[in-house]
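Heads up, the thing below is written out as structure tokens.
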Number of protein chains: 2
Amino acid sequence: MKRRAFLTATAVSGLAVGTVSAPALAQGTPQVRWRMATSWPKSLDTIHGSAEAMCQRIAQLTDGKFEIRPFASGELVPAGQVLDAVQNNTVECGHTLASFYIGKNTAYGIDGGLPFGLNARQHAAWLHYGGGMDALREFYGRNGLVNFLVGNVGVQMGGWYRKEIKSVEDLNGLKFRVGGFGGLVMTKLGVVPQQIAASDIYTGLEKGTIDAAEWIGPYDDEKLGFAKVAKYYYTPGWWEGSAAITGLVSTTAWNNLPDPFKVAFETAANEQALLMQAKYDAKNPEALRRLVGMGVQLRAFPRPVMDACYKASMEVLKENVDSNPDFARIYDSWKAFNDSSNSWFALAEHQLDSYRYTAQRKG
Amino acid sequence: MKRRAFLTATAVSGLAVGTVSAPALAQGTPQVRWRMATSWPKSLDTIHGSAEAMCQRIAQLTDGKFEIRPFASGELVPAGQVLDAVQNNTVECGHTLASFYIGKNTAYGIDGGLPFGLNARQHAAWLHYGGGMDALREFYGRNGLVNFLVGNVGVQMGGWYRKEIKSVEDLNGLKFRVGGFGGLVMTKLGVVPQQIAASDIYTGLEKGTIDAAEWIGPYDDEKLGFAKVAKYYYTPGWWEGSAAITGLVSTTAWNNLPDPFKVAFETAANEQALLMQAKYDAKNPEALRRLVGMGVQLRAFPRPVMDACYKASMEVLKENVDSNPDFARIYDSWKAFNDSSNSWFALAEHQLDSYRYTAQRKG
């Protein structure tokens, strides 16, 4: 059973580097209709909009013969049950954040993004040319799933706070709406992670039943109006070096899909991996300016807070390496790439970006 | 004439945001065969490899009905004449660096990347969601061309030097193989730009007929063996915030192309915009490690050198705004996006990257 699943995953993985021979679309192909469960409300025109664009592109590329209908969170299944729905073949495919599923297996978190981990470019490089896709496909394959990188949010903000965070001690007892690895890490520093729906964050901050909340970044956060109920907006959202968005297809559905439709699905996924990030990168600066204009107070986490969070993060990662063989296997590839990549990014990209941002600030 | 060309360019530009309705591929479409002239030797498996992958993907997506054959530089036309060949309909399309053509019009340089300008993510965001594609398509359209973002190299290295650059004075009289805006800028600082083919760089450095040369980055540079003849390898290559690679199609060829093939071309271009950069980001760190292992001495340009280059760059950009209406029109959109984007990138991405790289260096 396991061996068979592994072989399937490996065969599928070969697709990522373009080894599929020219397919015979046109005459022979049947009409295929899939449903895509997403973890996003329609109001997220960034992420949900990207899922819609991906489905639209697949239809365009297949003469309308491969139609995928995207559904917002809650329409078919709740945001956090997309993986299950695909795994159970309730729907053929999904569009989600892998980190939502670390309760099942912390290895999913490596796909969504780790604390102080790979930035968006590094994550795409690790997946497509650094062995990451092979490592993840083997894991997802054993879980009845085929995974695709379908987008990225980039570095998010560090959340909205009713009071300033001036020291590590200010984290103690903080009722913070935060999920994933970030929540696990901050528990070590006394934070009490709160799991509440996005729609309840505003009221929670207004009434003070929570002290702080992280959602996404300026463009998405602005719509929910947090600026009115929590004036300190912190940077950076260190709990993910980037928030990579994952497309999931059930292995059964994938294996039954004609080759030309596989090519269309994969190409559209890669296109959105570029375009979702580009849309965020264009929309966030405008939203940030509006928020600052409304009186939002930008703050950077103090260095001792960052240091404490970094130390706690490394502890959590080590605990998972020691306790979870799935995590350890993927992390091994991830960590080697991360360290090597950081040396190069620090040398060229970062040198120039640093100079540019400083020069502009000086005018 | 001008008005008609403008309307064409605008109509084409609409495609970029996915307004093309579902095409009718399959039965009705004819066989189309194009040639793609590239500016790259086949040994550049990064950039030329990406052009090949793009053509392969287009064939896959169209049941082999739309075949584009890529040619290396020199096979049909020299590296720096790809734009002309497409414009003259010698070939239907090309794959090149727009900055090669600033001798015709400096506005092309904004597409390829400006000194101290947008990084790769910012450039994609400006093009796809910040008005950049509309501005560029209007300009290219008036020149008989339709442009696509088909890849990016990212920040390059600052070149190979036989002697260290310790002060601004060390630039005076330096025979430096550098092109594009970088060459224009450095002329102001006494550099004597050398225009020699990539294949002649090694001998030039060995014999001392040139003092320094920039080519690309660790992975591509390593193959040419520069480490043996110039031991100082400088960072960063500030003459482009990123080196964006442009696909060009003649307006005539584009207008005659069936809609489904337009969709396939555009989607494959967007996919390669992700994958070319990902490949560079995966290959450069490994090559950098090998180069350092060979004894290459890494150096960062001293701050006074960077400051002098920045000042000279701003002067050159201003001169072009004042003297070239095409440049001014596109630069207006570019500059507004650049400044706004930098504020956001400095706040989130850069804060986290800075922390990560520093933390790793400390161990």
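The values are calculated or read from the model by the stated rules, or taken from the named source; none is laboratory data. None of the values given here were measured: they were computed from a predicted structure. Every residue, glycine among them, receives a Cβ derived from its backbone with ideal geometry; neighbour counts consider all protein chains shown. With ligands, DNA and RNA removed, areas are computed over all heavy atoms of the protein, side chains included. Shrake-Rupley method; radii C 1.70, N 1.55, O 1.52, S 1.80 Å.
At 7 Å along Cα-to-Cβ for each site, give me the label-to-label distance between B:Thr209 and B:Thr90 in nm.
Taking the simple label geometry, B:Thr209 and B:Thr90 are separated by 2.5 nm.
Placing unit charges on C-beta atoms (Lys and Arg positive, Asp and Glu negative, everything else neutral), compute the dipole magnitude of chain A about its Cα centre in debye, rounded to 20.
400
Please label the shape of the range B:282-363 as rounded, prolate or oblate, based on the square roots a ≥ b ≥ c of the eigenvalues of the alpha-carbon gyration tensor (a/c under 1.5 means rounded; beyond that, a/b larger than b/c means prolate, else oblate).
In terms of gyration-tensor shape, prolate.
For the protein assembly as shown, give the percent of accessible area contributed by carbon and sulfur heavy atoms, probe 1.4 Å, rounded to a whole number.
51
Counting only C-alpha contacts under 8 Å and six or more residues apart, can you give the relative contact order of chain A as a whole percent?
It comes to 23 percent, rounded to a whole number.
Could you pull the copy-to-copy label distances for A:Glu67, with points set 7 Å along Cα to Cβ, in nm to one decimal and sorted shortest first?
3.4
Taking only protein heavy atoms and a 1.4 Å probe, what accessible area per residue, in Å², does the range A:116-200 have with all protein chains in place?
32
Do me a favour and compute the ellipsoid semi-axes for the range A:173-234 from its Cα gyration tensor, root of five times each eigenvalue, largest one first, whole Å.
19, 13, 10
What is the projected area of the convex hull of the Cα atoms of the range A:126-254, averaged over all directions, in nm²?
9.5
For the range A:238-293, just say rounded, prolate or oblate: build the C-alpha gyration tensor, square-root its eigenvalues into a ≥ b ≥ c, call rounded for a/c under 1.5, and beyond that prolate if a/b exceeds b/c, oblate if not.
Note, shape of the range A:238-293 comes out prolate.
On a 0 to 90° scale, report how tilted helix A:2-14 is relative to the longest principal axis of chain A, with both axes built from alpha carbons and the result rounded to the nearest 10.
90
What is the mean number of Cβ atoms from other protein chains located within 10 Å of the Cβ atom of each residue in peptide B:106-118, rounded to a whole number?
1
Take each of the peptides B:241-252, B:176-187, average the number of other beta-carbon atoms within 10 Å over its residues, and list them starting from the highest.
Peptide ranking by packing, descending: B:241-252, B:176-187.
Please report, in whole Å, how far the alpha carbons of the protein assembly as shown spread along each principal axis, starting with the longest.
In descending order, the Cα extents are 68, 63, 51 Å.
Test of understanding: what is the full-extension gain from A:Lys42 to A:Ala253, defined as 0.36 nm times their sequence separation minus their Cα-Cα distance?
Contour length minus the Cα-Cα distance gives 73.4 nm.
Extending each Cα 7 Å along its Cβ direction at A:Asp332 and B:Val192, get the distance between those two points in nm, one decimal.
In this crude spin-label approximation the distance works out to 5.7 nm.
Specify the angular offset, from 0 to 90 degrees and rounded to the nearest 10, of the alpha carbon long axis of helix B:349-362 from the longest principal axis of the alpha carbons in chain B.
Helix B:349-362 sits roughly 40 degrees off the main axis of chain B.
Across the residues of B:307-313, average count of Cβ atoms on other protein chains within 10 Å?
What the average comes to for B:307-313 is 1.
Please report the relative contact order for the range A:155-283, taking Cα pairs under 8 Å with a sequence separation of at least 6, and give it as a percent rounded to a whole number.
35
Keeping all protein chains in place, calculate the accessible area per residue for the range A:241-363 (probe 1.4 angstrom), answer in Å².
35
What's the whole-number percent of alpha carbon pairs in chain A lying beyond 25 angstrom?
Result for the distance tail: 55 percent.
Compute the distance from the alpha-carbon center of the range A:96-124 to that of the range B:90-127, in whole Å.
34
Return the value, in Å² to the nearest 100, of accessible area buried between chains A and B (probe 1.4 Å, both sides summed).
Roughly 7600 Å² of accessible surface disappears when A and B pair.
From other protein chains only, count the Cβ atoms within 10 Å of every residue's Cβ in A:53-63, then give the mean.
Neighbouring Cβ atoms belonging to other protein chains average 5 per residue here.
If you split all Cα-Cα distances of the range B:237-332 into 10 Å bins from zero, what percentages do you get per bin, shortest first?
Whole-percent P(r) values from 0 Å outward: 11, 22, 28, 26, 12, 1.
Kirkwood Rh and Cα-based Rg: tell me the resulting Rg over Rh for the range B:34-145, rounded to two decimals.
0.97
If one takes the longest principal axis of the Cα atoms in chain B, at what angle in degrees, from 0 to 90 and to the nearest 10, does the Cα axis of helix B:259-293 lie?
20
Suppose you put the label 7 Å out from Cα in the Cβ direction; list, shortest first and in nm with one decimal, how far B:Lys207 is from each other copy's label.
8.2
Roughly how far apart, in whole Å, are the Cα centres of the range B:223-261 and the range A:231-267?
The range B:223-261 and the range A:231-267 have Cα centres separated by 28 Å.
Could you check what % of the DSSP bridge pairs in chain A are antiparallel, to the nearest 5?
Percent antiparallel among DSSP bridges in chain A is about 45.
Give the relative contact order (percent, whole number) for the range B:170-225; include only Cα pairs under 8 Å separated by 6+ residues.
38
Can you show me the helix-derived [θ] at 222 nm for chain B, built from DSSP H runs with n ≥ 4 at -39,500 (n - 2.57) apiece and divided by the number of residues, rounded to the nearest 500.
Using -39500 (n - 2.57) per qualifying helix, the result is -16000 deg cm²/dmol.
Using a 7 Å offset from Cα along the direction of the beta-carbon, what are the separations from A:Lys318 to the same position in each other copy, nm, ascending?
Taking the point 7 Å beyond Cα along Cα→Cβ, the inter-copy spacings are 5.4 nm.
Which of the residue pairs A:Lys231/A:Lys283; A:Lys283/B:Lys223; A:Lys166/A:Lys188; A:Lys362/B:Lys231 have a Cα-Cα distance greater than 29 Å in the structure shown?
Distance filter (> 29 Å) returns A:Lys283/B:Lys223; A:Lys362/B:Lys231.
With the cut-off at 14 Å, report for the range B:117-180 the share of all Cα pairs above it, as a whole percent.
Distances greater than 14 Å cover 71 percent of the Cα pairs.
Put one equal scatterer on each alpha carbon of the range B:199-273, apply the Debye formula with no solvent term, and list log10 I(q)/I(0) at q = 0.17, 0.24 1/Å to two decimals.
Normalising to I(0) and taking log10 leaves -0.76, -1.11.
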